[in-house]
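**Student:** I'd like to ask you about the structure that follows.
The values are calculated or read from the model by the stated rules, or taken from the named source; none is laboratory data. A quick note: this is a predicted structure, and the numbers were derived from the prediction, not measured. Backbone-built Cβ (ideal geometry, glycine too); neighbour counts: all protein chains shown.
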Amino acid sequence: MTSENTFRWVLLAGLLVVLPVALYHRLRSLSTKEHLDRMQEGLFILITLRLAGLATLMSIVTYLVNPSRMAWGAVPMPEWLRWTGAALLALCAVFLTWTLHSLGKNLTDTVVTREAHTLVTTGPYRWVRHPFYVSVLFLAASCALLAANGFIFASALAVFTMMALRTRIEERNLVERFGDEYRRYMERTGAFFPRL
């Protein structure tokens, strides 16, 4: 039987791989020093997304520091399922790195396109239009499985839901920016899952 500490260490190790990669690309995208109008995503999504993100982050940190403080959200789970979370976290690290590398300086934390924004259709963007959001879903699921915690999953699912809701605004901006090129891209690729 695997101890709770083992799952905590695996989760921490995974996050210590994923978060620096995300931070590097985030800081790189900020080097443009461009002002982004976050209000375009709407006040409800703006606030709810960030509160859900904060709740998810705080619950993961609380679990890592002292799992007994998150015991109220614990879900009985077989060990093999928790180890599936570890495998998913490893896949997420690769997928997120690939996604962020492909996106480059186009990365934003909102629906606005940058002044020098380019249409990315390579890497994972060849198959789906929003692989970053898929990465967030994988990361959320892997953390929830490793921690065996329903609250972590619910709050992370709220983050993904808010991101998914704002895609219509983001895609409207992309259509305005790239016109028929983006419309053709939408026809051949799925939003979150590849088209068959």
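**Student:** With the condition kept exactly as written, say whether any residue in the range 82-94 is over 22 Å from Leu23 (Cβ atoms), part of a helix (DSSP H, G or I), touching a Lys or Arg at 6+ places or on another chain (Cβ under 6 Å) and touching a residue at least 60 places away in the same chain (Cβ under 8 Å).
**Tutor:** No, there is no match, as no residue in the range 82-94 is over 22 Å from Leu23 (Cβ atoms), part of a helix (DSSP H, G or I), touching a Lys or Arg at 6+ places or on another chain (Cβ under 6 Å) and touching a residue at least 60 places away in the same chain (Cβ under 8 Å).
**Student:** Looking only at the range 131-174, which residues are under 21 Å from Asn106 (Cβ atoms), within 10 Å of the chain's Cα centre (by Cα) and either crowded, with 23+ Cβ neighbours inside 10 Å or not hydroxyl-bearing (Ser, Thr, Tyr) (or both)?
**Tutor:** Pro131, Phe132, Val134, Ser135, Val136, Leu137, Phe138, Leu139, Val159, Phe160, Met163
**Student:** If you don't mind, there's one more thing I want to ask. Could you list, in sequence order, all residues of the range 53-79 that are crowded, with 16+ Cβ neighbours inside 10 Å and more than 21 Å from Leu100 (Cβ to Cβ)?
**Tutor:** If the condition is that a residue be crowded, with 16+ Cβ neighbours inside 10 Å and more than 21 Å from Leu100 (Cβ to Cβ), then Ala55, Ser59, Thr62, Tyr63, Leu64, Pro67, Met70, Gly73, Ala74, Met77 are the ones that fit.
**Student:** Would you be able to tell me the number of residues in the range 74-84 that are of a type in the set (A, V, I, L, M) and closer than 17 Å to Phe138 by Cα?
**Tutor:** Of the residues in that region, 1 qualify.
**Student:** Going through the range 99-125 one residue at a time, which ones are out of contact with any Asp or Glu (no Cβ under 7 Å at 6 or more places or on another chain) and of a type in the set (D, E, K, R)?
**Tutor:** Those that are out of contact with any Asp or Glu (no Cβ under 7 Å at 6 or more places or on another chain) and of a type in the set (D, E, K, R): Lys105, Asp109.
**Student:** Okay, next question. Kindly evaluate Ala116 against the criterion of being of a type outside the set (Val, Ile, Thr) and surrounded by 14 or more Cβ atoms within 10 Å (Cβ to Cβ).
**Tutor:** Against the criterion (of a type outside the set (Val, Ile, Thr) and surrounded by 14 or more Cβ atoms within 10 Å (Cβ to Cβ)), Ala116 does not qualify.
**Student:** On the given criteria, is Val120 free of Cβ contacts under 8 Å to residues at least 40 places away in the same chain, among the β-branched types (Val, Ile, Thr) and closer than 23 Å to Ala55 by Cα?
**Tutor:** Against the criterion (free of Cβ contacts under 8 Å to residues at least 40 places away in the same chain, among the β-branched types (Val, Ile, Thr) and closer than 23 Å to Ala55 by Cα), Val120 does not qualify.
**Student:** Can you pull out every residue in the range 26-52 that is more than 13 Å from Ile169 (Cβ to Cβ), surrounded by 13 or more Cβ atoms within 10 Å (Cβ to Cβ) and among the small types (Gly, Ala, Ser)?
**Tutor:** Ser29, Ala52
**Student:** Check Phe160, Phe192 and return the single one that is part of a loop (DSSP other than H, G, I, E, B), within 26 Å of Asp37 (Cβ to Cβ) and in contact (Cβ under 8 Å) with a residue 12 or more places away in the chain.
**Tutor:** Result: Phe192 is the single residue among Phe160, Phe192 that is part of a loop (DSSP other than H, G, I, E, B), within 26 Å of Asp37 (Cβ to Cβ) and in contact (Cβ under 8 Å) with a residue 12 or more places away in the chain.
**Student:** Return a yes/no flag: does the range 116-138 have any residue that is at pLDDT below 90 and basic (Lys, Arg).
**Tutor:** No, because not a single residue in the range 116-138 is at pLDDT below 90 and basic (Lys, Arg).
**Student:** Just checking, how many residues over the range 163-189 are in a helix (DSSP H, G or I) and free of Cβ contacts under 8 Å to residues at least 12 places away in the same chain?
**Tutor:** 9
**Student:** Right, here's the next one. Just to check your reading of the model, which residue among Ala93, Ala87 is surrounded by fewer than 12 Cβ atoms within 10 Å (Cβ to Cβ), within 12 Å of Ser142 (Cβ to Cβ), under 17 Å from the mean Cα position of the chain (by Cα) and not acidic (Asp, Glu)?
**Tutor:** Only one candidate passes the filter, namely Ala87.
**Student:** Next up: Mind checking which residues of the range 123-152 are aromatic (Phe, Trp, Tyr) and either closer than 23 Å to Met186 by Cβ or free of Cβ contacts under 8 Å to residues at least 60 places away in the same chain (or both)?
**Tutor:** Tyr125, Trp127, Phe132, Tyr133, Phe138
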